[in-house]
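Input: a single structure, listed below in structure tokens.
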Amino acid sequence: SKMKNGNSCSFYDPELQALLENQAELETDIVRAIAHDEFSAYFQPQINANGKITGAEALIRWHHPSKGLIAPNDFIPIAEQNGVIQKLQNTVLRDICILINELNSKQLIDDSFKVSINISQVQFNSTTLKTELLNVVNDYNVNPSNIKLEITESMLSGDIASVISQIDELKQQGFIFSIDDFGTGYSCLTHLSSFSVNELKVDKSFIDKILDKGTGFSIVQTIINLGKSLNLTVVAEGVETEEQFTVLKTMSVDMIQGYLIAKPMNFDDYLCWHQSY
Ligand code: C2E
Ligand code: CA
Ligand code: CA
Ligand code: CA
């Protein structure tokens with residue numbers, strides 16, 4: 001293969017080689033794993049400034065028979081490339097629906113409770129996204145307004161008109177939209193108000209620096225103010241300390257998510273956590 005500067009890339013890097021072999025292995029394995037039902041959603045709660053549970057984010061995990069628990073960053077890119085991402089998305093959405101029905105039957109939630117699902121670029125661009133989502137939620141008799149679709153800032157680029165219509169069509173069905181990792185992409189701020197999204201999630205990298213007097217603090221405050229001025233709910237992700245939460249409350253953040261409240265939990269652990277919260 002050729003590198004951008006024209007030099008041929010012929011060196012042997014054992015670490016890279018091992019990584020590529022592992023990738024190739026996972027790629028063939030992922031198809032088998034879907035058939036064996038090795039994927040499931042974990043759930044991480046979100047709370048508001050008053051400490052009330054407002055929802056949860058579903059995060060996929062792979063329970064590999066020999067490798068153990070595999071994190072999404074190690075297989076989502078592969079699933080996007082080889083076309084199985086749709087199947088994984090359906091798995092996660094089914095788990096979400098089962099959770100919502102379970103919480104509803106125990107009268108632990110009302111209609112304001114939202115569970116978010118991460119939508120990958122490939123899925124977002126797909127013309128069948130709406131049908132795929134509706135098929136699952138209808139199967140479980142779940143109201144789409146209980147489901148929040150997390151897309152990243154970078155997906156709000158390219159053909160703006162089709163992005164707007166994709167969002168609007170799904171919103172008409174009742175789904176809610178959140179912009180994930182906000183501040184890390186290069187979305188055009190002038191376009192932001194054209195998208196009828198409901199929520200911004202301030203990326204963890206900014207929350208990490210929030211206690212730095214000066215820039216770190218100002219950046220988070222600026223993002224929150226921007227969200228508020230556009231009438232969006234603002235969520236801070238990756239909140240790990242009480243000090244960060246205290247500062248975020250003074251900035252009028254709407255919700256927080258992070259290890260301070262709880263790590264992502266499997267279905268049973270989440271249910272247990274929610275019930276005893
Ligand atoms: P993300 O959507 O930004 O998810 C937040 C990540 O931060 C999660 O990692 C979560 O476990 C982690 N996290 C949450 N709170 C804290 C905290 O206080 N401290 C620290 N250090 N980390 C925290 P995870 O579960 O490994 O997911 C990584 C990424 O994989 C996600 O980033 C998302 O982009 C992608 N992903 C996860 N599940 C799915 C899925 O079902 N579908 C798709 N398409 N992507 C997914
Ligand atoms: Ca997310
Ligand atoms: Ca995020
Ligand atoms: Ca992130």
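Could you tell me whether GLN107 is within 16 Å of ligand 4 (Cβ to nearest atom) and under 29 Å from LYS249 (Cα atoms)?
No; evaluated as a whole, the condition is false for this residue.
If you check LEU129 against the conditions, is it within 16 Å of ligand 1 (Cβ to nearest atom), surrounded by 19 or more Cβ atoms within 10 Å (Cβ to Cβ) and over 28 Å from VAL239 (Cα atoms)?
Working: within 16 Å of ligand 1 (Cβ to nearest atom): yes; surrounded by 19 or more Cβ atoms within 10 Å (Cβ to Cβ): yes; over 28 Å from VAL239 (Cα atoms): yes.
Against the criterion (within 16 Å of ligand 1 (Cβ to nearest atom), surrounded by 19 or more Cβ atoms within 10 Å (Cβ to Cβ) and over 28 Å from VAL239 (Cα atoms)), LEU129 qualifies.
May I ask you to say which residue of GLN44, GLN86 is touching a Gly at 6+ places or on another chain (Cβ under 9 Å), of a type in the set (S, T, N, Q) and open to solvent by less than 80 Å² (accessible area, probe 1.4 Å)?
Details: GLN86 fails: touching a Gly at 6+ places or on another chain (Cβ under 9 Å).
After applying the criteria, what remains is GLN44.
Any residue in region 187-204 that is within 16 Å of ligand 1 (Cβ to nearest atom), aromatic (Phe, Trp, Tyr) and over 15 Å from the mean Cα position of the chain (by Cα)?
No, region 187-204 has no match at all.
May I ask you to list pairs of residues, at least six apart or on different chains, whose Cβ atoms are under 8 Å apart, with the first in region 202-213 being of a type outside the set (Phe, Trp, Tyr) and the second being more than 13 Å from ligand 1 (Cβ to nearest atom) and part of a loop (DSSP other than H, G, I, E, B)?
VAL202/VAL253
Go through region 38-152 and tell me which strands (runs of 3 or more DSSP E), entirely inside it, have 3 or more residues that are over 24 Å from SER196 (Cα atoms).
Correct list: 39-48, 53-64, 68-70.
Here are THR91, THR54: which of them is more than 10 Å from ligand 1 (Cβ to nearest atom), among the hydroxyl-bearing types (Ser, Thr, Tyr) and over 16 Å from ILE151 (Cβ atoms)? Steps first, answer last, please.
On the way: THR91 fails: more than 10 Å from ligand 1 (Cβ to nearest atom).
THR54 is the lone residue from the list that is more than 10 Å from ligand 1 (Cβ to nearest atom), among the hydroxyl-bearing types (Ser, Thr, Tyr) and over 16 Å from ILE151 (Cβ atoms).
In region 168-178, how many residues are at negative phi and open to solvent by less than 60 Å² (accessible area, probe 1.4 Å)?
6
Starting from region 233-244, take each residue that is in contact (Cβ under 8 Å) with a residue 24 or more places away in the chain and list its partners that are part of a strand (DSSP E or B) and within 12 Å of ligand 1 (Cβ to nearest atom), counting only C-beta distances under 6 angstrom and pairs at least six apart or across chains.
Every condition considered, the pairs that remain are VAL235/LYS201; ALA236/VAL202; ALA236/ILE256; GLU237/LYS201; GLU237/GLN257; VAL239/ILE256.
Give me the residue from region 135-167 that is among the aliphatic types (A, V, I, L, M) and closer than 15 Å to ILE98 by Cα and, out of that set, surrounded by the fewest Cβ atoms within 10 Å (Cβ to Cβ).
Filtering region 135-167 for residues that are among the aliphatic types (A, V, I, L, M) and closer than 15 Å to ILE98 by Cα, the one surrounded by the fewest Cβ atoms within 10 Å (Cβ to Cβ) comes out as VAL136.
Collect the residues in region 115-126 that are open to solvent by less than 30 Å² (accessible area, probe 1.4 Å), more than 13 Å from LEU170 (Cβ to Cβ) and not hydrophobic (A, V, I, L, M, F, W, C), keeping them in residue-number order.
SER116, SER120
Going through region 254-277 one residue at a time, which ones are surrounded by 13 or more Cβ atoms within 10 Å (Cβ to Cβ) and free of Cβ contacts under 8 Å to residues at least 40 places away in the same chain?
LEU260, ASP269, listed by residue number.
The values are calculated or read from the model by the stated rules, or taken from the named source; none is laboratory data. Just so we're clear, the structure is a prediction, and the values are computed from it rather than from any experiment. Every residue, glycine as well, gets a Cβ built from its backbone with ideal geometry; the counts of neighbours run over all protein chains shown. Heavy atoms of the whole protein, side chains included, go into the accessibility calculation; ligands, DNA and RNA do not. Shrake-Rupley method; radii C 1.70, N 1.55, O 1.52, S 1.80 Å.
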